[in-house]
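Please read the structure below before turning to the comments.
The values are calculated or read from the model by the stated rules, or taken from the named source; none is laboratory data. Bear in mind the structure is a predicted one, so any value in this text is a computation, not a measurement. Neighbour counts are summed over all protein chains in view; Cβ atoms, including those assigned to glycine, are modelled from backbone coordinates with ideal geometry. The accessibility values were calculated without ligands, DNA or RNA, using every heavy atom of the protein model including side chains. Shrake-Rupley method; radii C 1.70, N 1.55, O 1.52, S 1.80 Å.
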Number of protein chains: 2
Amino acid sequence: MARTSPHDDAASAPVLKLRLRLTVGELIAVGPGKIDLLEALDATGSITAAAKSLGMSYRRAWLLIDELNRSLRTPAVATAAGGAQGGGSVLTDDGRRLVQLYRQIEATAQKAAAVEIEALKGMLAP
Amino acid sequence: MARTSPHDDAASAPVLKLRLRLTVGELIAVGPGKIDLLEALDATGSITAAAKSLGMSYRRAWLLIDELNRSLRTPAVATAAGGAQGGGSVLTDDGRRLVQLYRQIEATAQKAAAVEIEALKGMLAP
């Protein structure tokens, strides 16, 4: 779909999105979905609430976290046992470091390529 | 799926993939699919052959190119009329510049974030 609105408002300003995926063979060990999930988990304190905030099933969130934990040297998420819904889940220090590194790479990349990114945006029709 | 092979061969070495998308509202004006298509078109000289080399239908390739051309100030692809299959398609100077800028952003970004990327890779299980 092309833009149909004639006015150049903020909603139609071009945005460069940069997505990182760390793959090992066929496995996407770390990608935007898992990082978003870790951030949601950090904000909510439970897999159930994190999954809900992302419109994701509990099962999918659990599988992503399990896959991530097993891809890493040390787990990104620690889950306490007990309670009806389990005892809640928290990011470990390494989980926090993982999120931080990932977001840092995004920011560094955008900043380093800022001139080329502007040139690319400048090629778009006004 | 976690890696099951105990030996650390090249196939299982972690790779950081970086994908760029230039979006305008809901439209992905420029993304990896369109750039791959432009490169295939440059290599093959026709939309038919480019689509085939990417396992894409002619119709989808044509639609992507049409959408791209209309997103840009000046078209990325010029198609000559005539002949049974049309007269072939070529990248314009701006099409070539678009591909070059896109690949440059990828390379600049990877290089700038090289230290953080290695740190992220180092968090993966051996």
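Report the relative contact order of chain B, percent, no decimals, based on alpha-carbon pairs under 8 angstrom and at least 6 residues apart.
Taking the mean separation of contacting Cα pairs over the length of chain B, I get 20 percent.
Based on protein heavy atoms only, region A:25-122 ends up with 52 Å² per residue of surface accessible to a 1.4 Å probe. A probe of 1.4 angstrom, applied to the heavy atoms of all protein chains, finds A:Leu124 with accessible area near 10 square angstrom.
What you get for the protein assembly as shown, charging only the Cβ of Lys and Arg (+1) and of Asp and Glu (-1), is a dipole of about 260 debye around the Cα centre. Ligands, DNA and RNA left out, the 1.4 Å accessible surface of the protein assembly as shown is 56% carbon and sulfur atoms. Once backbone amide H atoms are built at 1.01 Å from N, A:Gly88 has A:Ala80 as its partners under 5 Å, excluding neighbours fewer than 5 places away on the same chain. Taking every residue in B:108-115, how many Cβ atoms of other protein chains lie within 10 Å of its Cβ, on average? Per residue, the number of nearby Cβ atoms from other chains is 6 on average. Peptide B:95-105 has a mean of 4 when you count, residue by residue, the C-beta atoms of other protein chains within 10 Å of its C-beta.
How many Å² of accessible surface get buried when B and A come together, counting both sides, probe radius 1.4 Å, rounded to the nearest 100?
4300 Å²
For the peptide B:71-78, the mean number of other protein chain Cβ atoms found within 10 angstrom of a residue's Cβ is 2.
Pairs with C-alpha atoms separated by more than 32 Å, drawn from the list A:Lys34/A:Lys121; A:Lys111/B:Lys34; A:Lys34/B:Lys52; A:Lys52/B:Lys121; A:Lys52/A:Lys121, are A:Lys34/B:Lys52; A:Lys52/A:Lys121. Could you tell me which residue out of A:Thr79, A:Leu54, A:Ile117 lies farthest along the dipole of chain A toward its positive end? Charges go on the beta carbon: Lys and Arg +1, Asp and Glu -1, centred on the Cα centre. Farthest along the dipole direction, towards plus: A:Thr79. About the centre of its Cα atoms, region B:25-122 shows a dipole size close to 160 debye [charges on the beta carbon of Lys, Arg (+1) and Asp, Glu (-1) only; nearest 20 debye].
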